[in-house]
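Report on the following structure.
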Amino acid sequence: MASIKDVAAEAGVSVATVSRVLNDHPSVSPAARAQVLAAVETLGYRPNAVARSLRTDQTRTLGLVISDVLNPYFTELARSVEEEARALGYSVIIGNADERPELQDHHVRTLLDRRIDGLLVSPTDGGSPLMLDAARAGTPMVFVDRWIPGMDVPVVRADGRTAIHDLVTHLHRLGHRRLAIIAGPAATTTGSERVAAFRDALQEYGLPLPDAYIGQGDFQAASGRRVTEEFLDLPEPPEVVFAADNLMALGALDAIRARGMRVPDDIALAAFDDIAWFVHTDPPITAIAQPTPELGRAAVRALVDRIEGRPPQSVTLPARLVVRRSCGEPGGEPPYPHTSPQRSNT
């Protein structure tokens, strides 16, 4: 394997000049730079990333801690993060929190010990002393999808309020009046926000959201199945189940089918976090889609700005309603625009 001395000899320059070229130092002349790069290409030289990190105090590595690698939303998010990081010259190490705060903190601690340059996190709960300490110590950090209120950390996320309002408008126009929600953990910002947005939209139409129609899930399929079974056992079951993420929606679908019931003939189903699978279910599931690839790319750019000394910006992108046939629609239709409803007591 070629060394930096071999490159210097091949290019006819000093080792110091080769080092300056490899570190993109502006003092190197164009001619010397061209000689060094040609020698690098000829010899197939690859810099030692570990040694270089000791000299520059940078590893060109980002850490990403996601809430659940089995959730297709986070899988797609991780892919877009890795692609954007690679395009900007960074590698990514991924930790899967599995929706467990203690596992999340384990990954954060491990990544910090490995001297990553910056950290992307989708928090599993509303508070982590470890992340708070890391942020106070100056660790470059960006929250993606979820965030921890009160921490001075940029947030890259989708705003689902308008899309949830559009969903309720859509369901109301289809004649549905008894709407229930499978909520995510209240300790997460996305869990609490989606319930609040759903409740607010129902109130605009004069529709109630009784406690019995709010089921507590954990963003995983088993909880969606359990909560839906509870809904179906009510004296007056809901007409629609809205699952606040895709895995809980699949669990809800399992529970409905286990009772020998059909969607949407017996009960309607809608979901937050659209995934490719939803077009292949029978019927295809009406869902709220987040701009997942754009979120991943924006999060990486914000973090790299912070690492490289530029002011990072929080980013909020819109989610949108994708209408299919799981709520009694005659066929797929364009998403409804955001409109102000007329109050109804029916």
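The values are calculated or read from the model by the stated rules, or taken from the named source; none is laboratory data. In this text, all values refer to a predicted model and were calculated from it rather than measured experimentally. All Cβ positions, even for glycine, are placed from backbone atoms using ideal geometry, and neighbour counts span all protein chains on display. Heads up: the accessible areas ignore ligands, DNA and RNA and are worked out on the full protein's heavy atoms, side chains in. Shrake-Rupley method; radii C 1.70, N 1.55, O 1.52, S 1.80 Å.
Structural remarks
- Within the range 155-170, residues that are farther than 14 Å from Cys327 by Cα sit with their Cβ atoms under 9 Å from residues that are open to solvent by less than 10 Å² (accessible area, probe 1.4 Å) and of a type in the set (Lys, Arg), at 6+ positions apart or across chains, in these pairs: Val155/Arg146; Arg157/Arg146.
- So Thr316, is it of a type in the set (Ser, Thr, Tyr), surrounded by 22 or more Cβ atoms within 10 Å (Cβ to Cβ) and modelled with pLDDT of 95 or more: no
- Any pair with Cβ under 7 angstrom, 6 or more apart, that starts in the range 250-261 at a residue that is closer than 14 Å to Val227 by Cα and ends at one that is open to solvent by 80 Å² or more (accessible area, probe 1.4 Å): Gly251/Arg225; Ala252/Arg225; Asp254/Arg225; Ala255/Arg225
- Positions within the range 260-272 being over 20 Å from Asp166 (Cα atoms) and either open to solvent by less than 10 Å² (accessible area, probe 1.4 Å) or touching a Ser or Thr at 6+ places or on another chain (Cβ under 9 Å) (or both), in sequence order: Val263
- Count - residues of the range 199-238 that are more than 28 Å from Asp68 (Cα to Cα), under 28 Å from the mean Cα position of the chain (by Cα) and surrounded by fewer than 17 Cβ atoms within 10 Å (Cβ to Cβ): 1
- Against the test of being among the small types (Gly, Ala, Ser), surrounded by fewer than 24 Cβ atoms within 10 Å (Cβ to Cβ) and under 20 Å from Pro72 (Cα atoms), the options Ala276, Ala252 yield a single qualifying residue, Ala276.
- Restricting the range 281-297 to residues that are in a loop (DSSP other than H, G, I, E, B) and not hydrophobic (A, V, I, L, M, F, W, C), the residue that is nearest to Ala163 (Cα to Cα): Gln290
- Selection count, the range 202-233, where residues are touching a residue at least 40 places away in the same chain (Cβ under 8 Å) and either within 20 Å of Leu269 (Cβ to Cβ) or part of a strand (DSSP E or B) (or both): 10
- Count of the range 149-170 residues which are open to solvent by 10 Å² or more (accessible area, probe 1.4 Å) and over 23 Å from Phe242 (Cα atoms): 7
- Looking only at the range 88-132, and only at residues there that are of a type in the set (Gly, Ala, Ser) and within 19 Å of the chain's Cα centre (by Cα), the one that is most open to solvent (accessible area, probe 1.4 Å): Ser91
- Applying the condition of being in a loop (DSSP other than H, G, I, E, B), at pLDDT below 80 and not charged (D, E, K, R) to the range 4-56 and asking which residue is most open to solvent (accessible area, probe 1.4 Å) yields Pro26.
- Of all residues in the range 319-344 being modelled with pLDDT of 95 or more and open to solvent by 60 Å² or more (accessible area, probe 1.4 Å), the one that is nearest to Pro264 (Cα to Cα): Arg325
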